[in-house]
Amino acid sequence: MIAEHFRAKLDTLPTEPGVYIMRDAERRVIYVGKAVNLRSRVRSYFHDSAQASSKTRRLVAEVADFEFIVTATELEALVLECNLIKEHRPRFNVRLKDDKRYPYIKIHWQDPFPRVEVTREMRQDGARYYGPFADVGAVHQTLDLLRRIFPYLTCTREITGKDRRACLYYHIKRCPGPCIGAISQEDYRATIQQICLFLEGKTERIQAQLQAQMRAAAEALDFERAAFVRDQISAMQRVVERQRVVTRARADEDVIAFAREDGDTCVQIFFIRGGKLIGRETFLLDGVEDDQPSHILGSFVKQFYDEAAYIPPQIVLSEGLDERLILESWLRQKRGHKVAVRVPRRGEQKELVALAAKNAAETLAHLRAQWQLDEAKWAAALADLQAALGLPEPPTRMECYDISNIQGASATGSMVVFVKGIPRKSDYRRFRIKTVEGADDFAMMAEVLRRRLLRLKAAGEKEPRAPGARPDSFALKPDLILIDGGKGQLNAARQVMAELGITDIALASLAKEHEEVFVPDRPDPVPLPPNSQGAFLLQRLRDEAHRFAVAYHRTIRQRTGLASSLDRIPGIGPRRRKALLARFGSLDGIRRASVEELAAVPGMTREIAERVKDLL
């Protein structure tokens, strides 16, 4: 049944292709879709036949308004839909579970001596990118293996070949030493090209090149070089042995299948290059309930290949897609060549799809078991803390505070937040100590906690926040505040809470020496078994607060040292210092710059540039 307030608006929708955006009563975008015919597609949501899906029923019940954008073609609508889903992450759309950017391997091919690094952002900068990958740990393992076979550069120094000595990586054979001229630019780029071929799955070409290099070195009586290349070949062969040949047609293709259970959905993608399975990745999806398999796979294909560094000529799926033709057009546009999307009915590809689906199901089962185990652990931990600290409820939201300083210098404080035993990093906060001079940890802790609790009280006195607005971390009241330290830090925190009249937040401290837990008005430690889940949780919380405080303290020290080095130069004030750092990035970068480059920085003169060069 179409609601009366929608009827007129639905009747005036255009019959052209475009994108529709549905919003709830708080103006949040809750769904984005594309259509060949906007009027018929949007009206279909409000017909009785669409109400068979529970997800559609909930969506329609929450829609308070909708808007649309007309496009010239369905392909333009698809591109716009992808961008809007990426921007708004509507909760009724099928989407990749993590909202972080996925990692890529980046090779700075545009540089004379290309570096290799991990990045989470692709740019049109002339570099070569490989990915995206789901597991950054696996990416680093891959690079560690590559660096053992093909040593490469990671530092950002300017390579002149005239440095007096190389760094440690050269001596442990993880860098070929272009900085000291130990390898020519041509030979170094040839090594990086081999890394590129490895990441593209073209290992046979690499082995042929290495074999030729070994023979040439042996014929030139350079036996040390020949032995080094021989070891590279052996290491390559060990890698290749683990790569399974899966198709007789030596093609490049991606094979995609998924599994789901009780609302959880796992997608498995196999990367096949030259007929060999060179890797696989697993992705979890949100917003999947009773969606059709074709819709799930179509949504994944659009989001994954919108960010992919490489699109193969063929994509093999476990299910057919309603929008296959338009997706093929979109993929062809991104790749620059034809891309076929197909569902195999028999043969090797059918077997590969079945294998991908089996792996997806097994991975999902493993993850669900892990999630259930983790949930049981944090539930037990919170129950331990509730009993030990005498709390009325389990402490769902816990905050921990720590101080970091060296003899009072560059003092910082940290606030970390765990919700249901899981770190909530978006709610972490850092503090610069402003009112305490000298090394007085108790006063520093009091300052940090006072500033935090004053923000809590101020939030309670404000007008209610606008519907849909994200709450400030300081506006959320913790169930438990944990202080890193002993009775001294605990008493400092207790005095602040008494001063502000706060009595409804539990307070405790964790002393490092014996991992003892103290609470106010109790001289002896709380009898919390050292091997209990509650004790482990408090230690994790404390360690995270310490790590966060130390990291910020280190950053402040580095900034202070850098600023002081430049501030000692006559003529360099805050504005010129900021301009120099923006241009060259670091003190080393400024040191390496020529007088002409320094003088070209806005606000600099040649006289001051020469002074900087002389004094640094």
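The values are calculated or read from the model by the stated rules, or taken from the named source; none is laboratory data. Just so you know, these numbers come straight off a predicted model, no measurement behind them. Cβ: placed from backbone, ideal geometry, glycine included. Neighbour counts: every protein chain shown.
Residue count for the stretch 63-90, restricted to those that are closer than 11 Å to VAL32 by Cβ and out of contact with any helix residue (DSSP H, G or I) (no Cβ under 6 Å at 6 or more places or on another chain): 14. The single condition among (1) of a type in the set (Lys, Arg); (2) surrounded by fewer than 19 Cβ atoms within 10 Å (Cβ to Cβ); (3) at pLDDT 90 or above that LYS106 does not meet is (2). In the stretch 23-37, the residues that are free of Cβ contacts under 8 Å to residues at least 24 places away in the same chain reach residues that are in a loop (DSSP other than H, G, I, E, B) and of a type in the set (Val, Ile, Thr) with C-beta atoms within less than 7 angstrom, at least six apart or across chains, in these pairs: ASN37/THR15.
Of the residues that sit in the stretch 55-93 and are touching a residue at least 60 places away in the same chain (Cβ under 8 Å) and touching an Asp or Glu at 6+ places or on another chain (Cβ under 6 Å), which one is nearest to LYS334 (Cα to Cα)? Within the stretch 55-93, the match that is nearest to LYS334 (Cα to Cα) is CYS82. Can you find a residue that is assigned to a helix (DSSP H, G or I) and buried (at least 19 other Cβ atoms within 10 Å of the Cβ) anywhere in the stretch 331-343? Yes: one or more hits.
When VAL139, VAL94 are checked against the criterion of being surrounded by 18 or more Cβ atoms within 10 Å (Cβ to Cβ) and touching a His at 6+ places or on another chain (Cβ under 8 Å), a single residue qualifies: VAL94.
Step by step: first the residues of the stretch 43-54, then only those that are assigned to a helix (DSSP H, G or I) and touching a residue at least 12 places away in the same chain (Cβ under 8 Å), then the one that is surrounded by the fewest Cβ atoms within 10 Å (Cβ to Cβ). Which residue is that?
That would be ASP48.
Before we move on, is LEU146 over 30 Å from VAL229 (Cα atoms) and in contact with a helix residue (DSSP H, G or I) (Cβ under 9 Å, 6 or more places away or on another chain)? It is false that LEU146 is over 30 Å from VAL229 (Cα atoms) and in contact with a helix residue (DSSP H, G or I) (Cβ under 9 Å, 6 or more places away or on another chain).
Within the stretch 124-137, residues that are free of Cβ contacts under 8 Å to residues at least 60 places away in the same chain sit with their Cβ atoms under 7 Å from residues that are part of a strand (DSSP E or B), at 6+ positions apart or across chains, in these pairs: ALA127/LYS106; ALA127/ILE107; VAL136/VAL118. Among the residues of the stretch 15-42, those that are more than 21 Å from ILE326 (Cβ to Cβ), of a type in the set (Lys, Arg) and either out of contact with any Phe, Trp or Tyr (no Cβ under 9 Å at 6 or more places or on another chain) or crowded, with 20+ Cβ neighbours inside 10 Å (or both) comprise ARG27, ARG28. The single residue among ASP286, ASP252, ASP322 that is surrounded by fewer than 20 Cβ atoms within 10 Å (Cβ to Cβ) and in contact with a helix residue (DSSP H, G or I) (Cβ under 7 Å, 6 or more places away or on another chain) turns out to be ASP322.
For the stretch 205-219, check the following and say yes or no: at least one residue is assigned to a loop (DSSP other than H, G, I, E, B) and surrounded by fewer than 18 Cβ atoms within 10 Å (Cβ to Cβ).
No, because not a single residue in the stretch 205-219 is assigned to a loop (DSSP other than H, G, I, E, B) and surrounded by fewer than 18 Cβ atoms within 10 Å (Cβ to Cβ).
If you go through the stretch 596-616 and pick out every residue that is more than 24 Å from CYS155 (Cβ to Cβ), at pLDDT 80 or above, of a type outside the set (Asp, Glu) and assigned to a helix (DSSP H, G or I), you end up with 5.
Among residues that are crowded, with 19+ Cβ neighbours inside 10 Å and assigned by TED's automatic domain parsing to the domain that holds THR160, VAL118 is not included.
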